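The values are calculated or read from the model by the stated rules, or taken from the named source; none is laboratory data. Note that the coordinates shown come from a computational prediction; the quantities given were computed from them, not determined experimentally. Every residue, glycine as well, gets a Cβ built from its backbone with ideal geometry; the counts of neighbours run over all protein chains shown. Just so you know, the surface numbers come from the protein's heavy atoms only, side chains and all, with ligands and any DNA or RNA stripped out. Shrake-Rupley method; radii C 1.70, N 1.55, O 1.52, S 1.80 Å.
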Amino acid sequence: MIITDARVIVTSPGRNFTTLKIVTDEGLTGVGDATLNGRELAVAAYLTEHVVPLLIGRDAGRIEDTWQYLYKGAYWRRGPVTMTAISAVDTALWDIKGKQAGLPVHQLLGGRSRDGVTVYGHANGTDTDSLLTEVDRLIREGYRAVRVQSGVPGLEKVYGVSDRDVYEPADSAVPTETVWSTEAYLDHLPGVVARVREEFGPGVKLLHDVHHRLTPIEAARLGKALEPYALTWLEDPVPAELQSGYRIIRRHTTTPIAVGEVFNTIWDCADLIREQLIDYIRCSVVHAGGISHLRRIHDLAALHHVRTGAHGATDMSPVCMAASLQLGISAPNFGLQEHMPHTAETDAVFPHAYRYADGYLHPGDEPGLGVDIDEDLAARYPYKAASLPVNRLADGTLHSW
Ligand code: CS2
Ligand code: MG
């Protein structure tokens, strides 16, 4: 089966998405998410200028060879733009492979290991009372795991908290600037988590996303303070370019650690996994080399007591979610899947088979990934420049957001 065409589709049904659609001479098509929040056009250009011309005429069935060709052939390896482009190609070729076999991709990955993919929802509130209301709503909707994010007294705006129905941090072409205080955050958060645990008891899994904003010793202090509330995970406590920094956190606290959404190859997390410095690896299909490479990361993790905790924010399209669920339903060391429901207009552009029910996402059994893009509808939503925010400290110092 030969690749005869590949289209890069940028659409913005409420937020920007980049999608690759590969067409073959036997009429089968496959889709891959190529969205990189705030850099969607960079990936679109990389695909259009440097990848698509190389795909035409290739055997669609040679998924691994194509992955190696695009990875090693680029010479300049790794990085979020390159790897998101390779992810999209890989995901689309697995979609085609499944359709050719007449099987959902998870059947090509070893079949189901569980009945459903356990998901966690997002609860956030500008204050603790509004956060408790959100947690209660999610529990009533059947979620067994809830991520809790709270406002911080004295800080106008912090990551993960919004009074709008749909949380979209990439809210302006020029980055929104917010002011951050680690001291205020560290003073406030343990009390918030204590209130949530006290209100809802030990049954619900609680998670919190630090979002890269601490140093290792600050994260150690926070992890220790949260131990009485038995978090399922503390996410992205520190920027992870320095993987060894996580040794400091591990030395001080038993609070489980989850990292990985900004990683794009196994090399970003190999030490974290091999040294068991983390408990969940959160790399995604769209950013970490597609299904072919992410399953390698999952397998390394499985050898080291590390479970998966797939990134699943709304800045990854339903194409990524559909692919993530194919891995999530089959991986032996599955942990949790993030679930931020997309808007109805996004779901209309990306018709899909997966469904939410009672705390699980179910991938369905359609051949391939069970998702597509409605190109006519997508064309109605032109790209709109949008950047993620930046954080500054009170003295103006640029800080992680
Ligand atoms: C967040 C992400 O969902 C999460 O865990 O870290 O929403 C992240 O902020 C966005 O993906 C950035 O685009
Ligand atoms: Mg996160």
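Taking other residues whose beta carbon is less than 13 angstrom from the beta carbon of TYR354, and scoring Lys, Arg as +1 and Asp, Glu as -1, yields -3. Give the distance, in whole Å, between the Cα centre of the stretch 139-176 and the Cα centre of the stretch 1-74. Each part reduced to its Cα centre gives a spacing of 32 Å.
Based on the Cα coordinates of the stretch 3-104, what is the per residue volume of their convex hull in Å³?
96 Å³
Sorting the segments 45-56, 98-109 by their mean number of nearby beta carbons within 10 angstrom, highest to lowest, gives 98-109, 45-56.
When the Cα positions of ALA45, ALA219, VAL166 are compared along the charge dipole of the chain, ALA219 comes out farthest toward the positive end, with charges on each C-beta of Lys, Arg, Asp and Glu.
Calculate the translational D of the stretch 112-159 in whole µm² s⁻¹ from Stokes-Einstein, where the hydrodynamic radius comes from the Kirkwood formula applied to all Cα pairs, the temperature is 25 °C and the viscosity 0.890 mPa s. Translational diffusion coefficient: 206 µm²/s.
Other residues lying with their Cβ under 15 Å from the Cβ of GLY30 contribute a combined charge of -4, Lys and Arg counting +1, Asp and Glu -1.
For the stretch 108-365, with all protein chains in place and a probe radius of 1.4 Å, 51% of the accessible heavy-atom surface sits on carbon or sulfur. Rg over Rh for the chain works out to 0.96, using Cα positions for both radii and the Kirkwood form for Rh.
Taking only Cα atoms and a 10 Å spring cutoff, compute GNM fluctuations for the chain and point out the largest among ARG140, ARG39, ARG307. Greatest mean-square fluctuation among the candidates belongs to ARG140. Placing +1 on the Cβ of every Lys and Arg and -1 on the Cβ of every Asp and Glu, with no other charges, gives the chain a dipole of roughly 1000 debye about its Cα centre. Excluding ligands, DNA and RNA, the accessible surface per residue across the stretch 310-356 is 24 Å² with a 1.4 Å probe. Compute the helix-to-body angle for 216-226: its Cα long axis versus the longest principal axis of the chain, expressed 0 to 90° and rounded to tens. Computed tilt is about 70 degrees.
Need one number: the % of Cα-Cα pairs in the stretch 87-218 sitting beyond the 27 Å mark. The answer is 41 percent, as a whole percent. Excluding residues fewer than 8 places away in the same chain, name every one of the aspartates and glutamates whose C-alpha is closer than 16 Å to that of LYS384. Answer for LYS384, where 16 Å is the Cα cut-off: GLU40, GLU168, ASP171, ASP315, GLU345, listed by chain and number. Entry comment: accessible area of the stretch 1-109 is 38 Å² per residue, from protein heavy atoms only and a probe of 1.4 Å.
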